Amino acid sequence: MKKVKVGDTCKAVCQDCKAVVDITFQLRDVPFSNGMGIVEQVLSGVCNQCDRVISIPHQSTPEIKKAYDKYTAEGGSSEQKTKA
Ligand SMILES: [Zn+2]
């Protein structure tokens, strides 16, 4: 998998534009998939037409996981962690 950096461009399908659009990789604050917090400054693919984050490169996944772990460890999650 090719690594991308800020300013790189590629093509992706945008659900909002309902088209294949050019995206530019930028650092963005991205919400977790459960909507309970955000990861700050994650490299994300942003639609050039509607300015929405429509793609997160695989290389950003560990960063998001780390931020999520930190978030839950700080009690951001409503779920109680149970230790065996
Ligand atoms: Zn779009």
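Taking the conditions (1) surrounded by 13 or more Cβ atoms within 10 Å (Cβ to Cβ); (2) part of a strand (DSSP E or B); (3) acidic (D, E) in turn, E40 satisfies each one other than (1). Pairs meeting the criteria (first residue in the stretch 1-27 and at pLDDT below 95, second residue among the polar types (S, T, N, Q) and surrounded by 10 or more Cβ atoms within 10 Å (Cβ to Cβ), beta carbons under 7 Å, at least 6 apart or on different chains) are K3/Q59. If you go through the stretch 23-37 and keep only what is in a strand (DSSP E or B) and among the aromatic types (F, W, Y), you end up with just F25.
The values are calculated or read from the model by the stated rules, or taken from the named source; none is laboratory data. In this text, all values refer to a predicted model and were calculated from it rather than measured experimentally. As a convention, Cβ positions derive from the backbone with ideal geometry for all residues, glycine included, and neighbour counts pool all protein chains shown.
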